[in-house]
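> I have a structure here, written as structure tokens, and I will follow up with some questions on it.
The values are calculated or read from the model by the stated rules, or taken from the named source; none is laboratory data. Please read all numbers here as calculations on a predicted model, not as lab measurements. Here the Cβ positions follow ideal geometry from the backbone for every residue, glycine too, while neighbour counts run over all protein chains shown.
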Amino acid sequence: MGKKRKRVERVEATNEPAPKKQNSSTDPPPGVHHYQSVEEVPWDIQKYWNQGYSIFSKYDDGIWMTDDSWYEVTHESVANTIAQHVAEAVPPGRPIIFDVMCGVGGNTIAFALSGKWKRVYAIEKDESTLRCAQHNAEIYGVADRITWLKGDCLKLLGLDGGEMDEQARSFNTLASKLGVIFASPPWGGPGYRDAEIFDLELMQPYSFSYLYESFKKLSPSVALYLPRTSDLRQIAKHVGEDKKNQIVHYCTRGSSRALCAYLGDWSPLKLGNL
Ligand SMILES: C[S@@+](CC[C@H](N)C(=O)[O-])C[C@H]1O[C@@H](n2cnc3c(N)ncnc32)[C@H](O)[C@@H]1O
């Protein structure tokens with residue numbers, strides 16, 4: 001994105017107030033912004049400002065972001081390619097996808113736009129972040145294809161070891177019978193940015209093993225979006241002796257942004273023409 005976005009420049013040219021296109025009847029909740037120029041952006045996320053249209057091509061339509069989400073969101077081209085792969089590789093009889101840590105909606109929106117799913121379930125534990133995802137999905141015209149759930153996905157899906165309430169039991173049953181699980185977890189942990197090979201067991205707050213072992217209780221088809229430097233040997237340990245699983249790097253401008261591990265039951269991906 002330029003220093004100022006196009007709409008602002010147009011306003012300066014005509015000297016009229018900006019025709020603010022708002023897709024939500026409410027103002028952004030606390031901690032949520034639609035920055036309109038680089039001067040408004042906190043210094044530590046200014047480097048992401050120039051990637052704005054790559055994050056959401058409809059940014060100018062009023063996309064909402066929390067400051068943390070600039071680091072975490074899946075860029076639109078990557079999210080769309082993942083959505084295409086998940087749609088191609090999903091085994092028959094699983095028409096529902098759960099994006100269990102949906103953030104501000106990068107992947108959720110792409111899954112809904114793919115038109116593949118009977119229903120997309122999006123879970124996010126942070127209220128403001130979930131509001132961003134809902135609002136952003138409205139901008140992309142897909143909010144009504146998504147069921148939004150606020151809370152800890154492990155609890156909501158009955159995977160936290162506690163007693164399941166009625167709601168958890170029904171989501172657990174739905175996911176077990178008909179669902180695939182996609183998770184784009186936080187990648188925090190010592191050395192994530194610097195490590196040549198990232199130790200997935202140090203990923204915080206949830207290690208790779210913990211997440212995969214939890215989600216596979218729910219569905220045989222789990223896709224995890226992980227750092228590009230992830231230690232593939234740690235992933236391989238979870239693949240059965242005589243089994244093969246697919247791991248795909250997703251690149252922008254010629255370098256890998258991240259990888260997605262398609263674990264358990266998935267059909268072979270067609271990886272040409274990307
Ligand atoms: C890497 S971000 C997801 C980014 C998302 N793919 C996007 O494109 O916006 C991870 C998100 O998981 C959420 N999260 C972390 N633990 C969670 C949990 N137990 N249940 C639900 N959401 C969780 C965080 O609040 C954060 O928004």
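> With buried (at least 16 other Cβ atoms within 10 Å of the Cβ), modelled with pLDDT under 95 and of a type outside the set (A, V, I, L, M) as the only criterion, which of TYR206, TYR192, TYR212 stands out?
TYR192
> Can I ask one more? Among the residues that make up the range 196-212, is at least one of them more than 16 Å from the ligand (Cβ to nearest atom), within 27 Å of TYR121 (Cα to Cα) and free of Cβ contacts under 8 Å to residues at least 12 places away in the same chain?
Within the range 196-212 (the criterion being more than 16 Å from the ligand (Cβ to nearest atom), within 27 Å of TYR121 (Cα to Cα) and free of Cβ contacts under 8 Å to residues at least 12 places away in the same chain), the answer is no, since none of the residues qualifies.
> Among the residues of the range 158-180, which ones are buried (at least 20 other Cβ atoms within 10 Å of the Cβ) and in contact with a Leu (Cβ under 6 Å, 6 or more places away or on another chain)?
Answer for the range 158-180, where residues must be buried (at least 20 other Cβ atoms within 10 Å of the Cβ) and in contact with a Leu (Cβ under 6 Å, 6 or more places away or on another chain): PHE171, ALA175.
> VAL142 - would you say it is surrounded by 14 or more Cβ atoms within 10 Å (Cβ to Cβ) and without any contact (Cβ under 8 Å) to a residue 40 or more places away in the chain?
Taking the combined requirement at face value, the residue satisfies it.
> Of SER57, SER77, which residue is within 15 Å of the ligand (Cβ to nearest atom) and assigned to a loop (DSSP other than H, G, I, E, B)?
Within the list SER57, SER77, the selection yields SER57.
> Which pairs turn up if I take residues in the range 45-70 that are over 20 Å from ALA110 (Cα atoms) and look for partners that are among the polar types (S, T, N, Q) and within 15 Å of the ligand (Cβ to nearest atom) with beta carbon separation below 6 Å, at least 6 apart in sequence or on another chain?
Hits for this filter: zero, empty list.
> If you don't mind, another one. Would you mind telling me which numbered condition in (1) at negative phi; (2) within 13 Å of the ligand (Cβ to nearest atom) ARG193 fails?
Evaluating ARG193 over (1) at negative phi; (2) within 13 Å of the ligand (Cβ to nearest atom) leaves (2) as the failure.
> Another question, if that's okay. Considering only the range 233-255, state which residues are surrounded by fewer than 14 Cβ atoms within 10 Å (Cβ to Cβ) and in contact with a strand residue (DSSP E or B) (Cβ under 7 Å, 6 or more places away or on another chain).
HIS249
> Against the definition (out of contact with any strand residue (DSSP E or B) (no Cβ under 6 Å at 6 or more places or on another chain) and more than 20 Å from HIS238 (Cβ to Cβ)), how does PHE171 come out, yes or no?
In short, yes.
> I've got another one for you. From (1) under 21 Å from ILE197 (Cβ atoms); (2) touching a helix residue (DSSP H, G or I) at 6+ places or on another chain (Cβ under 8 Å); (3) modelled with pLDDT of 95 or more, pick out the condition that doesn't hold for ARG257.
Unmet condition: (3).
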